[in-house]
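What follows is a short report on a single structure.
The values are calculated or read from the model by the stated rules, or taken from the named source; none is laboratory data. This is a predicted model, so every value here is computed, not measured. Glycine also receives a Cβ, built like all others from the backbone with ideal geometry; neighbour counts cover every protein chain displayed.
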Amino acid sequence: MINLILSGGSGTRLWPLSRTKLPKQFVRLFDGQSLFQKTLQRNAVVCDGSLVITNTEQYFLAVDQVGQNQASACGYLLEPHGRNTAPAIALACMALDADELVLVTPSDHLVENQANYEVAVAEAARAAEAGRIITFGVKPSYAETGFGYIEATNVGVAVSDVVSFHEKPDEKTAEAYLAQGNFYWNAGLFCFKAGVFLAELEAHSPAIYKACRQAHATAVCENSVTRIDPEAMLAIPEDSIDYAVMERSNLVQVVASDMGWSDLGSYDALYEESQNAAQDNVVMLVGDKAQPPISVDSRNNLVVARDNQVALIDVENLLVVDTSDALLICQRGSSQKVKQVVSQLRQERAELTDIHRLAYRPWGTYEVLVDSEGYKVKRIIVKPGQRLSLQKHFHRNEHWVVVSGTAMVTVDDDKFELRENESTYIKMGQVHRLENQGSVDLVMVEVQVGEYTGEDDIVRIEDSYSRQ
């Protein structure tokens, strides 16, 4: 069985902790691990390999965390444009044998009961072998209005036929679902044979199927990485697996499970899942430099701390999320309104929704130390054996100073080494590259000076990571 891991996402529901270029599945929230890494671990027990479906920007984040998990037999499908889950799953299935069992899982959900999860997957696999398309229903513990629901024909059986799917209900309707007893939260997990899914997609959403076939025929596969042509991807109609197949097929069944599942779709959900009766507050530290908050007569708060010292005095029921460039404070129960903040920021300060001051790149990281009119200062760390793209800028000059390690620098036709405490100057318009050919991290300070220092003032001439 192959695990298809859906790993896109816009990084908005847990802003400011997550951003477009670092969505929530890659944030290390749980003892130094991310939800993506937990997904890898959870499914390594039940699957023979993994195929990560993501985009070019997030691909290197996935590769880095897969490597840290020492996961084997992992491939990647890179989408140049998101077209929702039905095309993503279809493109992945088209590269598999028709009889291959497929377990589709999001990468940003939490499952706390591994034993129950494994039982549910085993039940799903048996039903999928018989030619059914299986979805996973979670036994609801309260009237949640933020989840979709699955109505089943039977209660108390491992696998049941599906009567219908229901969108997120209001509170009164959700309470009626619980009272009726044959409704489950829709966990967004699926199991089926690759060929069965594709046949149902062709039958019920032929336009998506045909466009995916055309895109798959022009895809380029190299070293377990499949890249879809951008124009072919845009030609695929956008739709979810729920609308394209699940709500139309008569092969759908549901496996009921009590696996301690949460989609962690808000800070309120994060608080509920992390709450400990022995603690006054829920505290989550992100990064090596994060310090525990100081709390004076404060309780029932969620505090996510990253860079700054946080102190609470006489406050209750708050969500406090601190990052290097943004601070979120809201009442518990109101975190769904974060999307309104993100919407406003996209109009006024779009960079705050896109990327952190500490940004991850395929070659390492950079952190913005100072960003002012006419200049910007960064700390750059290049991992051993990695290099930045060959590039130039139209609006800025750059000063590079080596803090530690050895830099191999290319400037136009010249190539030379810089060692600790040595520096160089790169003029606007010069073609340049920074490499680390050593065995330890290269740490640099870069000072940009010019009328514009935005990240989009980069013209890539050649790139080892196939970025545009």
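Descriptive notes on the structure:
- Yes/no for Val370 being on the phi < 0 side of the Ramachandran plot and surrounded by 14 or more Cβ atoms within 10 Å (Cβ to Cβ): no
- Within the stretch 128-172, the set of residues being among the hydroxyl-bearing types (Ser, Thr, Tyr), at pLDDT below 95 and farther than 24 Å from Ala199 by Cα comprises Ser141, Tyr142, Thr145, Thr153.
- Test: Val286 is surrounded by fewer than 20 Cβ atoms within 10 Å (Cβ to Cβ), on the phi < 0 side of the Ramachandran plot and over 26 Å from the mean Cα position of the chain (by Cα): no
- For the stretch 169-189, the count of residues that are within 26 Å of the chain's Cα centre (by Cα), outside any loop (DSSP other than H, G, I, E, B) and farther than 30 Å from Glu272 by Cα is zero.
- Taken together, Asn317, Asn301 contain a single residue that is touching a residue at least 12 places away in the same chain (Cβ under 8 Å), on the phi > 0 side of the Ramachandran plot and either aliphatic (A, V, I, L, M) or touching a strand residue (DSSP E or B) at 6+ places or on another chain (Cβ under 8 Å) (or both), which is Asn317.
- Options Leu369, Leu352, Leu328; residue that is assigned by TED's automatic domain parsing to the domain that holds Val310 and within 22 Å of Gly287 (Cβ to Cβ): Leu328
- Under the condition of being among the basic types (Lys, Arg) and either within 28 Å of Phe60 (Cβ to Cβ) or crowded, with 17+ Cβ neighbours inside 10 Å (or both), the residues counted in the stretch 333-343 number 1.
- Matching entry among Val382, Val401 (being in contact (Cβ under 8 Å) with a residue 60 or more places away in the chain and more than 20 Å from Asp456 (Cβ to Cβ)): Val382
- Ser324 vs. criteria modelled with pLDDT of 95 or more, touching a strand residue (DSSP E or B) at 6+ places or on another chain (Cβ under 8 Å) and of a type in the set (Ser, Thr, Tyr): no
- Screening the stretch 6-92 for strands (runs of 3 or more DSSP E) wholly inside it with 2 or more residues that are of a type outside the set (A, V, I, L, M, F, W, C) and touching a residue at least 40 places away in the same chain (Cβ under 8 Å) returns the ranges 49-55, 74-79.
- Exactly one residue out of Arg346, Arg361 is surrounded by fewer than 17 Cβ atoms within 10 Å (Cβ to Cβ) and in contact with a helix residue (DSSP H, G or I) (Cβ under 8 Å, 6 or more places away or on another chain): that is Arg346.
- Pair list, Cβ under 8 Å, 6 or more apart: the stretch 223-252 residue assigned by TED's automatic domain parsing to the domain that holds Thr54 and surrounded by 19 or more Cβ atoms within 10 Å (Cβ to Cβ), other residue aromatic (Phe, Trp, Tyr) and part of a helix (DSSP H, G or I): Val245/Phe197
- Residue match in the stretch 50-59 (condition: of a type in the set (Ser, Thr, Tyr), more than 21 Å from Asn84 (Cβ to Cβ) and touching a Phe, Trp or Tyr at 6+ places or on another chain (Cβ under 7 Å)): no
- Checked against the criteria, Val159 counts as among the β-branched types (Val, Ile, Thr) and either closer than 30 Å to Tyr465 by Cβ or touching a helix residue (DSSP H, G or I) at 6+ places or on another chain (Cβ under 8 Å) (or both).
- Total residues in the stretch 224-264 satisfying the condition of being touching a helix residue (DSSP H, G or I) at 6+ places or on another chain (Cβ under 6 Å), over 25 Å from Val155 (Cβ atoms) and of a type in the set (Asp, Glu): the figure is 1.
- Some residue of the stretch 197-212 being surrounded by fewer than 21 Cβ atoms within 10 Å (Cβ to Cβ) and within 18 Å of Leu4 (Cβ to Cβ): yes
- Condition check for Val445: surrounded by fewer than 18 Cβ atoms within 10 Å (Cβ to Cβ), outside any loop (DSSP other than H, G, I, E, B) and in contact (Cβ under 8 Å) with a residue 60 or more places away in the chain: yes
- Residue match in the stretch 133-151 (condition: among the hydrophobic types (A, V, I, L, M, F, W, C), surrounded by fewer than 16 Cβ atoms within 10 Å (Cβ to Cβ) and either touching a Phe, Trp or Tyr at 6+ places or on another chain (Cβ under 9 Å) or more than 26 Å from Leu270 (Cα to Cα) (or both)): no
- Residue check for Tyr465: in contact with a helix residue (DSSP H, G or I) (Cβ under 7 Å, 6 or more places away or on another chain) and crowded, with 16+ Cβ neighbours inside 10 Å: yes
- Hey, Glu398 within 15 Å of Lys376 (Cα to Cα) and either surrounded by 18 or more Cβ atoms within 10 Å (Cβ to Cβ) or of a type in the set (S, T, N, Q) (or both) or not: yes
Yes or no, residue by residue, for (1) under 17 Å from Trp15 (Cβ atoms); (2) among the acidic types (Asp, Glu):
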residue	(1), (2)
Asp322	yes, yes
Asp325	yes, yes
Cys330	yes, no
Ile355	yes, no
Trp363	no, no
Leu369	no, no
Lys376	no, no
Ile381	no, no
Leu390	no, no
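- Condition met for Phe30 (of a type in the set (Phe, Trp, Tyr) and closer than 19 Å to Glu112 by Cβ): yes
- Yes/no for Glu112 being among the acidic types (Asp, Glu) and touching a helix residue (DSSP H, G or I) at 6+ places or on another chain (Cβ under 8 Å): yes
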